[in-house]
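The values are calculated or read from the model by the stated rules, or taken from the named source; none is laboratory data. Computed from a prediction, not measured in an experiment: that's the story for all the values here. Ideal geometry is used to build each Cβ from the backbone, glycine not excepted, and the neighbour counts take in all protein chains shown.
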Amino acid sequence: MRAVVALAGLGSLCATLTACGGSPPPPPQAMAPKPVAAIPAAVTPKPAATAPTPGPAASSPPPALVTIPAVPTPTGPAYDPKGRRDPFVVLDVTGGARGLEVSTTKLTGIVRNARSALALVETSDGIGYILKPGDTLGDGRLMEIGADNVVFAVSAKPGSTSNRVVLKLAAN
């Protein structure tokens, strides 16, 4: 009697699924491992543990890992300077071995108005700077602008007796 009831229940289930347009789910299958996008050289993944199968296939070696080549980094267009400075390279105007030093510059002009004064300073490379009191240039800070000179406070260096540099306006 139970077998008849079970078959009747199974028949009604099939009729319901057919009427709904659905189908029973497929039987579960073994999932294949998904490939890894990139494996760093320092990290070596361990092979997945597999259930041993009886018989001669149980002694087969685990599947080899697939190495994926590194993705090359994209390069942008090359910059052609045509005698100009590369704007993508950091400009170093700080004091130091290669940096700008106030003692190697010359004062080329002073501009005054009713409220303030500006100093025009030129480096040995021919690059000009317009400075106001408080601005820094290389290893020094502009402290004051006089009638025909400017005074810089320069960071102390070993062997230096003064930390002030005075630049005078060149008379033509």
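Here are some notes:
- Close pairs from the stretch 139-155: first among the hydroxyl-bearing types (Ser, Thr, Tyr), partner modelled with pLDDT under 90, Cβ under 7 Å, at least 6 apart: 155/95; 155/139
- Subset of the stretch 118-157 [in contact with a helix residue (DSSP H, G or I) (Cβ under 7 Å, 6 or more places away or on another chain) and part of a strand (DSSP E or B)]: 137, 140, 152, 154
- Residue match in the stretch 122-130 (condition: loosely packed, with under 12 Cβ neighbours inside 10 Å, of a type outside the set (Gly, Ala, Ser) and at pLDDT 90 or above): yes
- Contacts under 9 angstrom Cβ, first residue in the stretch 68-90 being of a type in the set (D, E, K, R), partner assigned to a loop (DSSP other than H, G, I, E, B), 6 or more apart: 85/91; 86/79
- Considering only residues in the stretch 107-138 that are in contact with an Asp or Glu (Cβ under 6 Å, 6 or more places away or on another chain) and in contact (Cβ under 8 Å) with a residue 40 or more places away in the chain, the one that is nearest to residue 163 (Cα to Cα) turns out to be 138.
- If you go through the stretch 102-121 and pick out every residue that is surrounded by fewer than 15 Cβ atoms within 10 Å (Cβ to Cβ) and touching a strand residue (DSSP E or B) at 6+ places or on another chain (Cβ under 6 Å), you end up with 5.
- The stretch 83-117 - residue that is assigned to a loop (DSSP other than H, G, I, E, B) and modelled with pLDDT of 85 or more and, of those, farthest from residue 148 (Cα to Cα): 101
- In this structure, residue 104 does not qualify as without any contact (Cβ under 8 Å) to a residue 12 or more places away in the chain, closer than 29 Å to residue 85 by Cα and among the hydroxyl-bearing types (Ser, Thr, Tyr).
- The number of residues in the stretch 122-133 that are touching a strand residue (DSSP E or B) at 6+ places or on another chain (Cβ under 7 Å) and not β-branched (Val, Ile, Thr) comes to 6.
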